[in-house]
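Working notes, beginning with the structure itself.
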Amino acid sequence: MDFFEQVEKAGIVPVVVIDDASDAVPTAEALLSGGVEFMEITLRTSCALEAIRQVKKNVPKMNVGAGTVLSLSNAKDAIAAGASFIVSPGFCPEVVDHCLAWEVPVIPGCVTPTEITAAFNKGLSIVKFFPAKVYGGKSAIKELAGVFRQVRFLPTGGIDTENMDEYLSEPYIAAVGGSWVCPSKMIASHDFEGITKKCTEATQKIREIKKES
Ligand code: 3PG
């Protein structure tokens, strides 16, 4: 199974903001205990690269990637730190080309037909759709999916356990992403049991949705 098939099977890629690198490993372990095998550590904090390094070294079962990758140098740093995939909020050709050259899976943010066309022409099969709620949610993605039939979407932004079924029940949605299963506040207060509980709720629901669809 390749990376993109694994993402589709998992159904969820949490967006994780780590403010203290020492929280990275317990957060990864809390996600795994709740059945979540992917985590996108965002390069929004100064310790993000160290957080990726720690998870890569200490939690081998976790597929740790980097998010908020805005530039080629971000992508190079994240890959050097051990990120096994790259997610961007927008479409940056230099980031995509670098990842393709290094055979690192990349999911760029694309919300317009022009951006999705750019991703399609790079041979990408999954694009991030962010911020999903603001850009029209499922109905917008449905219209785009009708045209871009080879592309599948990873919506993020405003998704949670309550509304994820409206996305995941559609065949053109590869998986959902977001921060609701591991909010920064819960990480900062070391509520790792709470994170596991949220992950368990989400993964149980994903299993039910996938059985139904
Ligand atoms: C992202 O980077 O995809 C968003 O920050 C996630 O949005 P959320 O916090 O609403 O889940």
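What the table shows:
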{"quantity": "Computed lengthening from H190 to R149, 0.36 nm per intervening residue step minus Cα-Cα distance", "calculated": "10.5 nm"}
{"quantity": "Of K142/K210; K128/K185; K9/K210; K9/K128; K56/K76, those spanning more than 21 Å from alpha-carbon to alpha-carbon", "calculated": "K128/K185"}
{"quantity": "Sequence ranges 25-35, 71-81, ranked by mean other-Cβ count within 10 angstrom, highest first", "calculated": "25-35, 71-81"}
{"quantity": "Computed [θ] at 222 nm, deg cm²/dmol, the chain (DSSP H ≥ 4; -39,500 (n - 2.57); rounded to nearest 500)", "calculated": "-14000 deg cm²/dmol"}
{"quantity": "Segment 109-200: GluC sites (Glu not before Pro) in DSSP loop, at most 15 other beta carbons within 10 Å", "calculated": "E162"}
{"quantity": "Mean Cβ count within 10 Å, highest first, over the residues of peptides 120-129, 173-182", "calculated": "173-182, 120-129"}
{"quantity": "Point-charge dipole on Cβ atoms (K/R +1, D/E -1) for the chain, about Cα centre, debye to 20", "calculated": "220"}
{"quantity": "Nitroxide proxy distance, nm - points 7 Å out along Cα→Cβ at E166 and E115", "calculated": "2.0"}
{"quantity": "Positive-end residue of V16, M1, T203, charge dipole of the chain with Cβ unit charges", "calculated": "M1"}
{"quantity": "Estimated FRET transfer efficiency when R0 is 41 angstrom, pair L32-E94 (beta carbons, to 0.05)", "calculated": "0.80"}
{"quantity": "Label-reachable residues, segment 157-182, where backbone N falls under 11 Å from a point 7 Å from K210's Cα toward its Cβ", "calculated": "175"}
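Coordinate-derived values only; no laboratory data. Because the structure is a prediction, the values reported are computed rather than measured. Glycine gets a Cβ as well: all are built from the backbone with ideal geometry, and neighbour counts include every protein chain shown.
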